[in-house]
Structures are given as C-alpha cells and as structure tokens.
Amino acid sequence: MKKFEHELILCIVNDGFADTVMDAAKGAGARGGTILKGHGTANKEAEKFFGIAIQPEKEMVMILVPSSIKEDVLHAIYKAGGLNTPGQGIAFALPVDNVVGISKPVPHDEK
C-alpha cells in the first residue's frame with residue numbers, strides 16, 4: 001500500500017463555526033485552510049438517525065496537512081466542532097497523491 005505524504009481534511013459544520021474549526025486545526029499544527037459556504041440537505045430519516053436538526057446553511061473547511069499530523073488535527077477538530085457541539089460538524093480525511101505550490105515549514109530557529 002502506498003504511503004501518502006499529505007492528507008486533505010474536510011470538515012462540514014453549521015454556518016458560523018468554520019473559524020472555530022480552523023483555530024483548533026491550527027492549534028494542532030495545521031498551517032491554514034480554505035472555507036467554502038454551502039447549503040446542506042437531508043431527509044427526516046437522517047435527522048432522526050443522527051438525533052439532530054439539520055441546519056441548511058453550512059461551511060466546509062478544507063485543510064491540507066502532512067500525514068504525520070492528520071490524527072492530531074482530526075481530534076482537535078472533533079473536540080472543537082464535532083457532532084456533540086453547536087457546530088455539529090463531521091470531518092474526514094482523504095489521501096493526496098501529489099502536491100505542488102506549498103512550501104515546507106521553516107523551523108523556528110531559522111526565522
């Protein structure tokens with residue numbers, strides 16, 4: 001199985017909670033992300049299954065991270081904006097095969 005150097009974390013939260021998620025991700029080592037506005041849909045069975053009311057306006061946070069910190073970032077996101085919080089977020093990660101256009105972090109002693 002191929003080892004991937006990067007993962008894309010996607011987190012979907014209720015409108016207004018993307019900054020909470022991004023702050024938690026940065027606290028766990030992420031360098032930044034992209035926030036997109038969206039509109040969620042669900043049926044009544046999904047609302048009953050998850051035990052939550054579906055809020056139609058959503059924000060999606062996309063964060064590209066080194067695979068080595070993926071678990072830490074996902075855990076931080078879950079604590080800050082997961083289903084048991086007002087953000088009612090879900091998050092998942094996908095492996096990323098090739099990445100261009102980002103620089104490696106500069107160690108603090110070289111700044």
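The values are calculated or read from the model by the stated rules, or taken from the named source; none is laboratory data. As the structure is a prediction and not an experimental result, all values here were calculated from the model. Every residue, glycine among them, receives a Cβ derived from its backbone with ideal geometry; neighbour counts consider all protein chains shown. Remember, those area values only see protein heavy atoms, side chains included, never the ligands or the DNA or RNA. Shrake-Rupley method; radii C 1.70, N 1.55, O 1.52, S 1.80 Å.
Of all residues in region 1-39, those satisfying the criterion of being within 20 Å of Asp97 (Cα to Cα) and in a loop (DSSP other than H, G, I, E, B) are Met1, Lys2, Lys3, Phe4, Glu5, Ala30, Arg31, Gly32, Gly33. Of all residue pairs spaced 6 or more apart or on separate chains, those with beta-carbon atoms under 9 Å, a first member in region 86-102 that is on the phi > 0 side of the Ramachandran plot and a second member that is in a loop (DSSP other than H, G, I, E, B) and open to solvent by 50 Å² or more (accessible area, probe 1.4 Å) are Gln88/Phe17; Gln88/Ala53; Gln88/Ile54; Gln88/Gln55. Taking region 16-31 as the range and being closer than 16 Å to Gly82 by Cβ and open to solvent by 10 Å² or more (accessible area, probe 1.4 Å) as the test, the residues that pass are Gly16, Phe17, Asp19, Thr20, Met22, Asp23, Ala24, Gly27, Ala28.
Restricting attention to region 67-95, the residues being more than 11 Å from Cys11 (Cβ to Cβ), surrounded by fewer than 19 Cβ atoms within 10 Å (Cβ to Cβ) and at pLDDT 95 or above number 9. Checking each residue in region 1-21 for being touching a Cys at 6+ places or on another chain (Cβ under 9 Å) and under 20 Å from Ser67 (Cβ atoms) picks out only Val21.
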